[in-house]
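*Asks:* Pasting a structure here, questions to come.
The values are calculated or read from the model by the stated rules, or taken from the named source; none is laboratory data. Given the structure is predicted, the values throughout are model-derived calculations rather than measurements. So basically every Cβ, Gly included, is an ideal-geometry build from the backbone, and we count neighbours across all protein chains shown. Protein only, heavy atoms only, side chains kept; ligands, DNA and RNA dropped before computing areas. Shrake-Rupley method; radii C 1.70, N 1.55, O 1.52, S 1.80 Å.
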Amino acid sequence: MRINADFTKRVAVHFDETEWVQSPAAGVERKMLDRIGEEVARATTIVRFAPGSAFAAHTHDGGEEYLVLDGVFQDELGVFPTGMYVRNPPTSSHTPATEPGATILVKLHQFDSDDRTEVRQPIAGEGRVDLHRDGVEDVRVERWAAGEAVQVDADGGLEVFVLSGSYAEGGETFGKWDWLRVPPNGSFQAVAGPDGAEVWVKSGHLSQMI
């Protein structure tokens, strides 16, 4: 399976314009943003878990990072409410579940094989909140004021996911849970909407894909 798999191109996925697709696990649906592979895949996905749903125990050979967008997600390592960012490196394993239900943004099989960095951090705060940074990538949450003009370095590629508010870029308006991927050596110049914008940003990590 290949979805938005040409990393030389700008890609935008608007949450309200895409359908939920049932996964092999009962009570688990997803919106695939990009994907290379079948059930074991390099993937960026919005996943919705019904109350009481769970996945079987599994190991993340290529690592996993996720942000809890709604509800409460949990596993043997903790309980993660809305606004928690979690990074599980290669070789880690868990049995994820949710009692009240949850929606997460998750990225799979996108770690360096030697990466062993674990992160469990809330995104709450003022302005920019740094979540993870290494020699390849920079992951953070940024908050832009209403009408603010924003320029973000996209030399190594860029992903921007809207948590709240909105922004305009490239002739498009991006609102809650919309996702934009800018290819390496691209550009990102945006203007925040009337209520400002809170966005999850990941940059510098896409050069290896082209």
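*Asks:* Rounded to the nearest 20 debye, what is the charge dipole size of the chain about its Cα centre when +1 sits on each Lys and Arg Cβ and -1 on each Asp and Glu Cβ?
*Replies:* I would put it at about 160 debye.
*Asks:* How long are the semi-axes of the equivalent ellipsoid of segment 99-171, defined as square roots of 5 times the Cα gyration tensor eigenvalues? Whole Å, largest first.
*Replies:* Result for segment 99-171: semi-axes of 24, 19, 13 Å.
*Asks:* Further question on the same structure: Over the Cα atoms of segment 36-130, what Rg and Dmax result, in angstrom?
*Replies:* 13.0, 39
*Asks:* So what does the Cα-only Debye profile of segment 37-89 read at q = 0.14, 0.20, 0.29 Å⁻¹, as log10 I(q)/I(0), no solvent term?
*Replies:* Rounded to two decimals, the profile gives -0.40, -0.85, -1.58.
*Asks:* Hey, another quick one. Keeping all protein chains in place and using 1.4 angstrom, which order do S166, S113 fall into by accessible surface area, from largest down?
*Replies:* From most accessible down to least: S113, S166.
*Asks:* Still on this structure: Could you give the distance between the Cα centres of segment 155-210 and segment 7-78, to the whole Å?
*Replies:* Centre-to-centre distance over Cα atoms comes out at 19 Å.
*Asks:* Can you tell me the length gained on complete extension of the stretch D153 to H58, counting 0.36 nm per residue apart and subtracting the Cα distance?
*Replies:* 30.6 nm
*Asks:* Right, here's the next one. Starting from the coordinates of the alpha-carbon atoms of segment 1-81, obtain the Kirkwood hydrodynamic radius over all distinct pairs and give the value in Å to one decimal.
*Replies:* 14.3 Å is the Kirkwood radius here.
*Asks:* For R143, what charge total do you get from the other residues with a beta carbon under 10 Å from its beta carbon, if Lys and Arg give +1 and Asp and Glu give -1?
*Replies:* So the surrounding residues net to -3.
*Asks:* Please identify the longest segment of the chain free of exposed GluC sites (Glu not before Pro), where exposed means a DSSP state other than H, G, I, E or B and no more than 15 other Cβ atoms within 10 Å.
*Replies:* With a cap of 15 other Cβ atoms within 10 Å, the longest stretch comes to 149-210.
*Asks:* What FRET efficiency would be calculated for the residue pair I210, E99, taking the C-beta separation as r and a Förster radius of 35 Å, to the nearest 0.05?
*Replies:* Computed FRET efficiency for I210 and E99: 0.25.
*Asks:* Oh, and also: Can you work out D for segment 56-202 in µm² s⁻¹ from Stokes-Einstein, where Rh is the Kirkwood radius over C-alpha pairs, the temperature is 4 °C and the viscosity is 1.567 mPa s?
*Replies:* D = 81 µm²/s.
*Asks:* Under a plain spin-label model, where a point goes 7 Å from the Cα along Cα-to-Cβ, how far apart in nm are T91 and T117?
*Replies:* That separation, rounded to one decimal, is 1.8 nm.
*Asks:* Right, next: Picking from S53, V21, F7, whose Cα lies most toward the positive end of the charge dipole for segment 1-88 (charges on Cβ: Lys, Arg +1; Asp, Glu -1)?
*Replies:* Checked the options; the winner is F7.
*Asks:* So what's the net charge close to G196: Lys and Arg +1, Asp and Glu -1, counting the other residues with Cβ under 13 Å from its Cβ?
*Replies:* My count for the surroundings of G196 gives -3.
*Asks:* Taking the square root of 5 times each eigenvalue of the Cα gyration tensor, what semi-axes in Å does the equivalent ellipsoid of segment 162-210 have, largest first?
*Replies:* 22, 12, 8
*Asks:* Please give the FRET efficiency for Q189 paired with R2, using the beta carbon to beta carbon distance and R0 = 30 Å, rounded to the nearest 0.05.
*Replies:* In this case the efficiency is close to 0.55.
*Asks:* In debye to the nearest 20, how big a dipole does segment 130-210 give about its Cα centre with +1 on each Lys and Arg Cβ and -1 on each Asp and Glu Cβ?
*Replies:* Here the size comes out at about 100 debye.
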